[in-house]
Amino acid sequence: MAERIRTHDWSDTPLGPIEGWPQSLKTVVGMMVAAPNPMVLLWGQAGTLIYNDGYARFAGRRHPELLGMGAREGWPEIADFNDTNIRRALAGEAWSLKDQELTLDRRGSPEPTWLDLDYVPVGDESGRPAGLIVFVTETTDRVQAERRVREEAERQRQML
């Protein structure tokens, strides 16, 4: 993703060309692209999306067009959810959501998806929150497996 980010035409986004990005943004992007786990940065009020390889795999068919889009346009099915989270982070709040259920269209049709999401505000040069980084861990397989075990246990109880 580092090369894709470097060669992306950012001039049509609220961020503008990379040469004009604040050092804080360049630094967090550099750290993020080196990370092995899925991470996405949402910068500014629009939540301009920059992400790493792990998140590119998570995004499925939305990648690579998702890069540089605003969060609302990039993930329209969860636009209100993302708007709320951007507001919270820009107010300086950090938080986590465990097994958050979202319906996402990553493979051509909407599907229920469960995620652990950790949100951290990212400051600009003045120290004020200017964006947020999200650590994304998909928990869908585990949540669905636990649900099947509970349903089977309930079915067994009803048989007795």
Do we find that Leu41 is crowded, with 20+ Cβ neighbours inside 10 Å and outside any helix (DSSP H, G or I) in this structure? yes
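So which residues in region 1-19 are of a type in the set (A, V, I, L, M) and more than 19 Å from the chain's Cα centre (by Cα), if there are any at all? Can you show your working first?
Narrowing region 1-19 to residues of a type in the set (A, V, I, L, M): 1-2, 5, 15, 18.
Passing the criteria: only Ile18.
Table: residues versus (1) basic (Lys, Arg); (2) over 28 Å from Gly108 (Cβ atoms); (3) without any contact (Cβ under 8 Å) to a residue 40 or more places away in the chain.
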| residue | (1), (2), (3) |
| --- | --- |
| Thr13 | no, no, no |
| Pro17 | no, yes, yes |
| Pro22 | no, yes, no |
| Met31 | no, yes, yes |
| Ala34 | no, yes, yes |
| Tyr51 | no, no, no |
| Phe58 | no, no, no |
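Residue-by-condition table, conditions (1) within 13 Å of the chain's Cα centre (by Cα); (2) of a type in the set (A, V, I, L, M); (3) modelled with pLDDT under 95:
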{"site": "Trp21", "(1), (2), (3)": "no, no, no"}
{"site": "Ala34", "(1), (2), (3)": "no, yes, no"}
{"site": "Val40", "(1), (2), (3)": "yes, yes, no"}
{"site": "Thr48", "(1), (2), (3)": "yes, no, no"}
{"site": "His63", "(1), (2), (3)": "yes, no, no"}
{"site": "Ala79", "(1), (2), (3)": "yes, yes, no"}
{"site": "Ser96", "(1), (2), (3)": "yes, no, no"}
{"site": "Asp99", "(1), (2), (3)": "no, no, no"}
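Per-residue answers, yes or no, for (1) touching a residue at least 40 places away in the same chain (Cβ under 8 Å); (2) in a loop (DSSP other than H, G, I, E, B):
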position	(1), (2)
Glu65	no, yes
Gly68	yes, yes
Glu73	no, no
Glu77	no, no
Asn85	yes, no
Asp99	yes, no
Glu111	no, no
Val122	yes, no
Phe135	yes, no
Restricting region 87-97 to residues that are assigned to a loop (DSSP other than H, G, I, E, B) and among the aliphatic types (A, V, I, L, M), the one surrounded by the most Cβ atoms within 10 Å (Cβ to Cβ) turns out to be Ala94
By residue number, the members of region 3-24 that are surrounded by 15 or more Cβ atoms within 10 Å (Cβ to Cβ), assigned to a helix (DSSP H, G or I) and out of contact with any helix residue (DSSP H, G or I) (no Cβ under 9 Å at 6 or more places or on another chain) are Ser24
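The values are calculated or read from the model by the stated rules, or taken from the named source; none is laboratory data. Computed from a predicted model, the values in this text were never measured in an experiment. All Cβ positions, glycine included, derive from the backbone under ideal geometry; neighbour counts span all protein chains shown.
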